[in-house]
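The values are calculated or read from the model by the stated rules, or taken from the named source; none is laboratory data. Here the structure is a predicted model, which is why all the values come from computation and not from measurement. With ideal geometry, Cβ positions are generated from the backbone for all residues, glycine too; neighbour counts draw on all protein chains shown. In case anyone asks, the SASA skips ligands and DNA or RNA and just uses the protein heavy atoms, side chains included. Shrake-Rupley method; radii C 1.70, N 1.55, O 1.52, S 1.80 Å.
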Amino acid sequence: MFTLQAERAIFGSFFNPDLIVSPGMKKFFMAKNSGSLPNLKGLSLNLGSIKKKLPFDPKREYDAVVIGGGTGGLSFVQEARELGLSVVMFNHVNPTPKLGYKWGLGGTCVNVGCVPKKLFHNAGLIKESIHMAHDYGWDVELKDDKIKWETLRTNVQNHIKGINFSYVSKMKEIGVDYIEAKASINESQNVVFDFDDTQYELKAKNIIIATGGRPRYLPNIEGADFKFEDECITSDDLFALDKSPGKTLVVGGGYIALECAGFLKELGNDVIMINRSSFLRVFDQTIAGKILENMVGGNLKAFGKTTITNITKEDEDQYLVDLLIDGEPKKAKVNSILLAIGRDPNTHVVENSGVKINPRSFKVEGRVEEPERTCVDQIYALGDILEGVPELMPVAQKSGTLLAHRIYHRNKGELTEKEILKKYSMDYSNIATTVFSNVEYSYVGLNEEEAIEKYGEDNIEIYHREVTPLEASIYSENSRTAYMKLIVERNETEKVIGIHYLGPSAGEVINGFGLAMKLGITKKDIDNTIGIHPTVGEDFFNLTVTKRSGKDYIKTDCCS
Ligand code: FAD
């Protein structure tokens with residue numbers, strides 16, 4: 001069928017110097033028409049060979065070429081355009097191995113990370129509120145303990161598609177040349193990419209790699225038929241599944257594993273959580289213990305020191321898993337296996353570029369004085385791909401914005417290198433973070449184990465308190481409490497070195513403390529602050545019991 005669009009593409013191509021037909025067609029048209037309208041009579045059109053037009057001029061030398069359209073890339077290009085730099089941005093998503101899912105512009109956070117995760121987590125919190133509502137006098141009852149997965153999935157995915165669309169529109173609006181294509185950097189330190197079966201090479205004054213990472217798969221079990229990549233899902237699939245994953249084996253012990261296991265439980269699925277060592281190993285261990293204590297029970301079981309020895313696929317949606325739990329063999333039947341065992345950086349982009357890769361993490365190595373600048377002067381890296389920086393959305397965002405300023409000023413040449421670094425460097429210290437476990441946990445600064453290692457046990461003081469949130473106090477099934485911990489240097493000044501909070505709205509509570517830590521607060525500053533009543537956070541300002549004293553740290557009163 002000869003559509004109007006195809007007609008435009010072919011006719012347009014005759015008047016366009018960047019001819020966009022395949023070489024065979026190009027020759028044919030050139031010979032037959034030499035600049036005049038083609039004689040289409042009797043011409044059998046193979047529309048499959050009509051080429052898409054590259055949305056920018058590949059001969060142009062941009063101020064910056066950005067590879068990766070996630071948080072880091074998007075933040076960079078938006079700021080760079082504000083500053084008047086010319087930019088082109090590439091984004092490409094490899095489909096997930098088992099289900100072939102792909103997604104639009106925005107990267108991990110928007111599509112398969114923070115955004116869907118928080119919405120699924122919130123669906124679990126709403127369930128608890130419905131249970132609680134009864135004791136508050138509301139005539140509501142949860143008819144089904146299982147969520148309507150399709151409704152949640154559809155609404156979350158629609159929200160994500162809206163964000164994808166708004167990003168693409170924004171790129172157009174602010175003048176970013178955006179192209180959906182996989183790019184990499186070659187030996188000549190130019191950017192190469194394929195577009196519609198043609199390879200292009202692009203020169204750039206600066207190249208920014210912001211390609212993030214993807215979930216890791218377990219190596220296949222020797223001699224077994226089972227292939228992890230073919231059968232297992234990851235967080236890249238979970239939020240887009242057509243139907244609930246059912247009884248799920250969650251493999252992994254980091255925050256992503258715990259968050260997924262937590263909301264899957266709340267949404268009505270049976271969950272078995274396993275890890276080869278303990279859970280939340282890099283977090284404060286007192287609090288990790290409390291998180292687990294809170295999660296385990298009902299339809300969630302957790303086993304540390306556990307490995308998979310074999311998996312047999314019994315049915316389309318049923319797997320028999322052989323486990324070794326602390327040396328003892330056990331079997332489990334599950335409908336889905338969710339791997340959350342870590343993420344691998346997308347470093348393939350720089351393989352041939354001369355950029356230094358960390359041999360252990362396979363991430364891009366930066367410089368001491370400017371972590372985002374690689375050993376190749378004009379190549380920079382941002383976000384999860386960069387060695388030694390926290391894998392967090394706001395980290396990628398802020399470092400992208402600041403990098404745009406540094407590149408702009410380097411181009412402009414009015415400030416010295418020292419001035420540029422002083423004014424526009426990223427400060428990676430004291431970055432607050434939250435684990436959206438069933439009871440949320442947030443912290444900033446050192447955890448207890450790190451503080452002991454750095455200062456010695458005798459040189460730190462830990463203040464702590466456990467409270468029952470007022471909102472939960474009239475809920476008959478309430479077993480949830482909040483816990484807070486302040487770690488300070490044990491001297492006259494009592495400088496705060498770690499703040500930890502496990503309780504409702506943890507992410508919201510810690511934001512302000514993140515700022516306070518940046519300002520270098522002391523215990524006295526906290527004591528001098530008047531909190532807001534009645535909230536849980538107010539108890540930070542009345543911390544008197546030290547861990548060392550062994551005194552009771554559970555608050556039983558309310559208003560005195
Ligand atoms: P990404 O956002 O991953 O973007 C990289 C982009 O580059 C992707 O679109 C990728 O497809 C593309 N790309 C890769 N290779 C190429 C190529 N060769 N050519 C073109 N494009 C390419 N952070 C928080 O702060 N709070 C949270 O609550 C939180 N929750 C999370 C939950 C989950 C399940 C996960 C997985 C992550 C979560 N994170 C969270 C982390 C956060 O999502 C990341 O830190 C952040 O998205 C990193 O941004 P980035 O720009 O470095 O990479």
Among ALA133, GLN157, THR198, flag the residue with its Cα farthest along the positive direction of the charge dipole of the range 114-232, charges on Cβ as +1 for Lys/Arg and -1 for Asp/Glu. ALA133
For a label point 7 Å from the Cα of GLU229 along Cα→C-beta, name the residues of the range 324-340 whose backbone N is under 17 Å from it. 339-340
Can you send over the carbon and sulfur percentage of the accessible area for the chain, probe radius 1.4 Å, protein chains only? 51
On a 0 to 90 degree scale, rounded to 10, what angle separates helix 4-15 from the longest Cα axis of the chain? 60
Got a sec to turn the phi values of the range 217-222 into Karplus ³J(HN,Hα) couplings, 6.51 cos²θ - 1.76 cosθ + 1.60 with θ = phi - 60°, whole Hz, x for Gly and Pro? 10, 6, x, 5, 6, 4
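Counting only protein chains, not ligands or nucleic acids, how are ILE308, ILE487 ordered by accessible area (probe 1.4 Å), most first?
Most to least solvent-accessible, the answer reads ILE308, ILE487.
Suppose every K and R has +1 on its Cβ and every D and E has -1 on its Cβ; what is the size of the dipole of the chain about the Cα centre, in Debye to the nearest 20?
On the way: 67 positive and 77 negative charges, 377 e Å.
Rounded to the nearest 20 debye, it is 1820 debye.
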Under a point spin-label approximation (7 Å from Cα along Cα-to-Cβ), what is the ARG60-GLU314 distance to one decimal in nm? 5.9
Show me, for the range 246-254, the HN-Hα J-couplings you get by feeding each phi into the Karplus relation (A = 6.51, B = -1.76, C = 1.60, θ = phi - 60°), rounded to Hz, glycine and proline as x. x, 5, 10, 8, 9, 9, x, x, x
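Viscosity 1.002 mPa s, temperature 20 °C: give me the Stokes-Einstein translational D for the range 269-398 in µm²/s, with Rh taken as the Kirkwood radius over C-alpha pairs.
Details: Rh = 18.1 Å.
Value of D from the Cα-based Kirkwood radius: 119 µm²/s.
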How large is ³J(HN,Hα), in whole Hz, for each residue of the range 187-202 in order, when computed from phi with the Karplus curve 6.51 cos²θ - 1.76 cosθ + 1.60 and θ = phi - 60°, using x for Gly and Pro? 4, 7, 6, 9, 8, 10, 7, 9, 9, 6, 6, 10, 9, 10, 10, 10
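So what's the projected area for the range 414-560, the Cα convex hull averaged over all directions, in nm²?
Working: hull surface 45.9 nm².
That works out to 11.5 nm².
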Leaving out same-chain residues fewer than 8 places away, which lysines sit with a Cα under 22 Å from that of LYS523? LYS454, LYS485, LYS495, LYS547, LYS551, LYS555
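If we sort 175-185, 151-161 on the protection proxy, mean other Cβ atoms within 10 Å, highest first, what's the order?
175-185, 151-161
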Suppose R0 equals 51 Å; then what is the FRET efficiency for LYS118 and ASP196 from their Cβ-Cβ distance, rounded to the nearest 0.05? 0.85
Spacing of the two label points (7 Å from each Cα toward its C-beta) at LEU519 and ASP145, in nm: 4.7
Pulled fully out, how much extra length does the chain show between SER473 and LYS205, if you take 0.36 nm times their separation in residues and subtract their Cα-Cα distance? 90.4 nm
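What relative contact order, as a whole-number percentage, does the chain give when Cα pairs under 8 Å and 6 or more residues apart are counted?
Numbers: 1026 pairs, mean separation 72.4, N = 560.
Relative contact order here is 13 percent.
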Relative contact order of the range 442-509 (C-alpha contacts under 8 Å, at least 6 apart) in percent is 39
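Compute the Cα gyration tensor for the chain, then decide on rounded, prolate or oblate, letting a ≥ b ≥ c be the square roots of its eigenvalues: rounded whenever a/c is under 1.5, prolate when a/b is larger than b/c in the other cases, and oblate in all that remain. If you can, show how the numbers build up before the last one.
On the way: a/c = 2.14, a/b = 1.52, b/c = 1.41.
Note, shape of the chain comes out prolate.
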Which listed pairs, of LYS98/LYS301; LYS143/LYS333; LYS205/LYS412; LYS182/LYS203; LYS102/LYS182, have C-alpha distances above 18 Å, in listed order: LYS98/LYS301; LYS143/LYS333
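Let me know the shape class of the range 115-200, please: from the alpha-carbon gyration tensor, a ≥ b ≥ c as square roots of the eigenvalues, rounded when a/c is under 1.5, otherwise prolate if a/b is greater than b/c, or oblate. Please report the intermediate quantities before stating the final value.
Values: a/c = 4.01, a/b = 3.33, b/c = 1.20.
Note, shape of the range 115-200 comes out prolate.
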Measuring from label point to label point, each 7 Å out along Cα→Cβ, what is the LYS495 to CYS558 span in nm? 4.1
Given a 1.4 Å probe, how much area per residue of the chain is accessible, in Å²? 50
